[in-house]
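Trainee: Sending over a structure as structure tokens; questions will come in a sec.
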Number of protein chains: 2
Amino acid sequence: MLEAGEEASQRRARRAGGRAGNLRRGGGAIHQMPWTLPQNRDRPTEPIDAEAVERVHDGAMRILEEIGILFLNDEALEIFERAGCDVDMSEQRVKMDRAFVMEQVQKAPASFTITPRNPARSVTFGGDAMLFVNVSSPPNAMDLDRGRRPGDRESFRDFVKLTQYFNCIHLAGGYPVEPIDIHASIRHLDAIQDKLLLTDKVVHAYSLGKERVEDAMEMVRIAGGLSHEEFDAAPRMFTNINSSSPLKHDFPMLDGAMRLARRGQPVIVTPFTLSGAMAPVTIAGAVTQQTAEVLCVVALLQLIRPGTPVVYGSFTSNVDMKSGAPAFGTPEYMRATQISGQMARRYGLPLRASNACAANVPDGQAVWESAFSLWACASAKANVVYHAAGWLEGGLTASYEKFVMDCEMLQQVMHYMKPVPVSEDDIAIEAIREVGPRGHFFGATHTQARYETAFYGPFLSDWRNYERWSLDGAIETPQRANRIWKQILAEFEAPPLDPAIAEELQSFVERRKREGGAPTDF
Amino acid sequence: MLEAGEEASQRRARRAGGRAGNLRRGGGAIHQMPWTLPQNRDRPTEPIDAEAVERVHDGAMRILEEIGILFLNDEALEIFERAGCDVDMSEQRVKMDRAFVMEQVQKAPASFTITPRNPARSVTFGGDAMLFVNVSSPPNAMDLDRGRRPGDRESFRDFVKLTQYFNCIHLAGGYPVEPIDIHASIRHLDAIQDKLLLTDKVVHAYSLGKERVEDAMEMVRIAGGLSHEEFDAAPRMFTNINSSSPLKHDFPMLDGAMRLARRGQPVIVTPFTLSGAMAPVTIAGAVTQQTAEVLCVVALLQLIRPGTPVVYGSFTSNVDMKSGAPAFGTPEYMRATQISGQMARRYGLPLRASNACAANVPDGQAVWESAFSLWACASAKANVVYHAAGWLEGGLTASYEKFVMDCEMLQQVMHYMKPVPVSEDDIAIEAIREVGPRGHFFGATHTQARYETAFYGPFLSDWRNYERWSLDGAIETPQRANRIWKQILAEFEAPPLDPAIAEELQSFVERRKREGGAPTDF
């Protein structure tokens, strides 16, 4: 608490001066942190003990052994059958024993690196890495000026530009908003071309049918200036597949995952296990089911190509039992994410989780749900944080302002991950002696040598006092974010790309459009 | 990420129904969690290793041995001198060696219980306990209808009522807003009387001069129906004192702390060590100085009465080096709080920290700063979270809406602290078998037996879909909070108090007013 004396000191400290909205510091829309791959060295929070982890593991194994999983994909069924699993072809159900599953899971690497067209943007999954991915897949876009509306190519490009601009976003994940003004048969061609031109970060391909997946791999290969052999030799992109919980993997996602696996490209496997709806109402039960649904696909992909990079994806949250509406950033979401971390470490797999929220607008609720999600990711040691910036409304909307607000939080998490130095010089006894009981540290030598870089500098927080903030228009957080994204888009410059490669990409897209793109009846 | 299939599932899950603003569920303004004392069983996050903890300790000891601390209180100086410390009476500076300090610190209890006038509201400090205290000491109040204005007795009472109403607030700390319309000489009499009538939770006394402290103790004694001996026999209330950093303890705070110590009442010692201003620009240096400033007062109080309950208070944050404005909820604040936790555990003392923010309004910035502060408190294993609800603007404003928003976050933290059950029944293999790959869990027996209590139910989050939320007026978080506090205040009922005790309290206040209250020239 601030006692009376403390409060007076604070008012003295809060001098009339202040940072003027933080814009244009150092030129450009904002002064942001440099491109950095944060390392999360903290011990994870582990809600359940080692014995309970084994009970969850045993439950997942019993699901795979006794109940089985539907694989709605004949090729997958045949692969399992050849491997000696108990496959019921008419029911499309596979049962597999734990020795088999664990033998396959052990083939997956604990960490791997994906190299995009700009090798300086390579990212490593696993270990202490904590990577952030833009919001992916909402059908709607929203901003303060235009409100909520269906996504289109213009808003898609805007969000790809924001993804490229912010150094705290490490990968360009799924479509940050669905460009529904492009026909579904050719949408992937335009969208991936936009992504490859507007970003040089790792890109993702949806597993939505053979043509889309093969086109995406080919376009990433072309953009990287790679031969087919070079593409196959190392991870260059990734996909994410969801189970159709409970206990079912659908055709197109399995098809896409298998296509990527054959070419050594990474697959994130993320069951859609909302507790109370598609998974048990207990968190332990939902994570058990999630684990079974992840591991059976990991086994499939390791059968196809041993060593395929895979990620244990956690999306377990709860629903509102009154309405069935999904909830995110809840206490249950936090604990499920942390327990998922325990399971991923049990299997030696990288972990994916999300910065999710249920709020409809970028208000207080959106921020507490997102902040709680982010700290769940950090305390679970999630290696990949999907939807790290821009997600609203349970994933139905991509928000321009929320994107900027989330990036402010992401930068703070990244700064938090930096080690705290505790050398003799940091302990600063000589500075304390120099200042003594009647001085202050503003002018101390120790301070002067460090003040420019001592503390994290936010680009969106307004730390000016109430009077100055009011005189300047009393601008609240979303309105400040609104100004920032407009400036970023106005100043955006695409990353360089060899014109010959851009031309090859363009030719490929034109040819595939002439061929009709992808079927839309899958 | 939500892939296309996942998104469709989600839209199905998001049925048209929804919770209608969560008001009046179960009667009363909101359906809140019951009075509970949360236990934080998670391992703390420890940013520095054991050797670095010893370097911070050694630094704190060197400050006390080599540089010394100013004690602007002759009685304190005499006590130190009698104990054999190196006291410079003219400079009012005390140096003490580490053997002496640690001998005194070891006398302080690792945990203790405070019993207020209603013993059902007793709270235990220390161990795994995590207790929440209302915002304390802002000079201004703010709400959406009336804006920001100086605090008065009416807003003071409003915040005391909110403090009493919310079960997630465990102690009634300092004045939640300063009632500046009451003359300073008698303000403590009216304010403490209001607190003792409107709440039955543990109350606090400001250490602002002999009369205020003695009056507060006497009023708490009367309200508890206690003899003087009973009052002295166990903790009944507490104070919090701040150092006047760097390296200085002022007269009135020391005087109050010593008065409480003599009667066995707890003292929280919270240096005001803003890194870069009143403490070194390095987090390690600021925590080192903070530790020295805490431990020397702990030693003083243990000399006065061995076993006096004390708390290691952490308020270390950073300032904006451009303006000098204090910042809260920053990465630096988080790490400083966690390292403070390491130091408090090193000394076997309970830890106090805060839910602090710098934002001027209850917007996104306010929430991320508060959420980051709260998770810092949780991961530091803070036993007492000051300013847990209602603080804005670096402590210069108490906000009605922020109070309600914070209580939503506090409830979520409390729910998060509940153990996750992982029995065979929780792992739910039979439920998963029953539902199978083509069903859902809404109707499962396992779900039906648990759905009413399975998940945390927020009172402020709106989880309805965008369409329903829009049709209902598109009410954002602060406006929803505005409705809730008005309903709480409209329905408020004071906790029962024996009329004879209320009368005795009234007589005491009247007599002390006739005597002139407290001098105002301290």
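Trainee: For the interface of chains B and A, what total accessible area is buried with a 1.4 Å probe, rounded to the nearest 100 Å²?
Mentor: 13100
Trainee: Here's another thing I want to ask about it. So the label point sits 7 Å from Cα along the Cα-to-Cβ vector; using that for A:Arg346, what distances do you get to the other copies, in nanometres, sorted shortest first?
Mentor: Going from nearest to farthest copy, the values are 3.7 nm.
Trainee: Starting from a Cα-only point model with no solvent, please compute log10 I(q)/I(0) by Debye for the stretch A:278-405 at q = 0.09, 0.10, 0.11 1/Å.
Mentor: Rounded to two decimals, the profile gives -0.26, -0.32, -0.39.
Trainee: Quick one: check the C-alpha center-to-center distance for the stretch A:30-96 versus the stretch A:159-229, whole angstrom.
Mentor: That distance is 26 Å.
Trainee: Which aspartates and glutamates does B:Lys486 reach when only Cα atoms under 17 Å apart count, and residues fewer than 8 places away in its own chain are ignored?
Mentor: Reachable aspartates and glutamates: B:Asp143, B:Asp145, B:Glu154, B:Asp158, B:Glu401, B:Asp406, B:Glu408, B:Glu476.
Trainee: Return the sequence-ordered ³J(HN,Hα) values of the stretch B:160-177 in whole Hz as given by the Karplus equation 6.51 cos²θ - 1.76 cosθ + 1.60 applied to θ = phi - 60°, using x for Gly and Pro.
Mentor: 5, 5, 4, 4, 5, 5, 7, 5, 7, 9, 9, 9, 9, x, x, 3, x, 8
Trainee: A further question follows. Average projected area of the Cα convex hull of the stretch B:168-292, in nm²?
Mentor: Averaged projected hull area, Cα only: 9.0 nm².
Trainee: Mean separation of Cα pairs under 8 Å and 6+ residues apart, divided by the residue count of the stretch A:94-221: what relative contact order is that in percent?
Mentor: For the stretch A:94-221, the relative contact order is 24 percent.
Trainee: In Å and from the alpha-carbon atoms only, list the Rg and Dmax of chain B.
Mentor: 24.5, 84
Trainee: Next up: What fraction, in whole percent, of alpha-carbon pairs in the stretch A:149-200 exceed 16 Å separation?
Mentor: That tail contains 32 percent of the Cα-Cα pairs.
Trainee: Let me ask something additional. Give the nm distances, rounded to one decimal, from B:Gln106 to the matching residue in every other copy, measuring between label points 7 Å along Cα toward the beta carbon; shortest first.
Mentor: 5.1
Trainee: Towards the positive end of the charge dipole of chain B, with charges on Cβ (+1 Lys, Arg; -1 Asp, Glu), say which of B:Gly225, B:Phe251, B:His188 has the farthest Cα.
Mentor: So the residue we want is B:Gly225.
Trainee: Further question: Count, for each residue of B:412-419, the Cβ atoms from other chains sitting within 10 Å of its Cβ, then give me the mean as a whole number.
Mentor: Across B:412-419, the average partner-chain Cβ count within 10 Å equals 4.
Trainee: Considering only protein heavy atoms and a probe of 1.4 Å, how much of the accessible area of the stretch A:46-108 is carbon and sulfur, as a whole percent?
Mentor: Using a 1.4 Å probe with all protein chains present, the stretch A:46-108 comes out at 41 percent carbon and sulfur.
Trainee: If the label for A:Asp232 sits 7 angstrom from Cα along the Cα-to-Cβ line, what are its distances to the same label in every other copy, in nm to one decimal, shortest first?
Mentor: 8.9
Trainee: Find the Rg to Rh ratio for the protein assembly as shown, where Rh is the Kirkwood radius over alpha-carbon pairs and Rg uses the same atoms.
Mentor: Here Rg/Rh amounts to 1.00.
Trainee: Right, next: Expressed as a rounded percentage, what relative contact order does chain A have, with Cα pairs under 8 Å and six or more residues apart?
Mentor: Worked out over chain A, it gives 20 percent.
Trainee: Nearest 20 debye, what's the magnitude of the dipole of the protein assembly as shown about its Cα centre given +1 on Lys and Arg Cβ and -1 on Asp and Glu Cβ?
Mentor: Dipole magnitude for the protein assembly as shown comes out near 720 debye.
Trainee: Would you work out the relative contact order for the stretch B:279-423, in percent, from Cα pairs under 8 angstrom that are 6 or more residues apart?
Mentor: 19
Trainee: Continuing with this model, one more query. Step through the table entries A:Lys210/A:Lys322; A:Lys107/A:Lys161; A:Lys322/A:Lys402, compare each Cα-Cα distance with 29 Å, and write down the pairs that go over it.
Mentor: A:Lys210/A:Lys322; A:Lys107/A:Lys161
Trainee: Short version: what are the Cα gyration tensor semi-axes of the stretch A:367-520, square root of 5 times each eigenvalue, largest first, in whole Å?
Mentor: Working from the Cα gyration tensor, I get semi-axes of 44, 22, 19 Å.
Trainee: Specify the inter-centroid distance of the stretch A:480-509 and the stretch A:237-297, based on alpha-carbon positions, in whole Å.
Mentor: 33
Trainee: Restricting things to Cα coordinates, could you compute the convex hull volume per residue of the stretch B:455-522 in Å³?
Mentor: That works out to 215 Å³ per residue.
Trainee: Going Cα to Cα from B:Lys513, which aspartates and glutamates come in below 16 Å? Please leave out same-chain ones fewer than 8 positions away.
Mentor: Within the straight-line limit of under 16 Å, B:Lys513 reaches these aspartates and glutamates: B:Asp181, B:Asp190, B:Asp194, B:Glu211, B:Glu214, B:Asp215, B:Glu218, B:Glu503, B:Glu504.
Trainee: How would the stretch B:92-202 be classified by its alpha-carbon gyration tensor: rounded, prolate or oblate, with rounded meaning a/c under 1.5 and the a/b versus b/c comparison settling the rest?
Mentor: It is prolate, given that a/c is not under 1.5 and a/b is the larger ratio.
The values are calculated or read from the model by the stated rules, or taken from the named source; none is laboratory data. Because the structure is a prediction, the values reported are computed rather than measured. Using ideal geometry, Cβ is built from the backbone for each residue, glycine included, and neighbour counts are taken over all protein chains shown. These area figures cover heavy atoms from the full protein model, side chains too; ligands, DNA and RNA do not enter into them. Shrake-Rupley method; radii C 1.70, N 1.55, O 1.52, S 1.80 Å.
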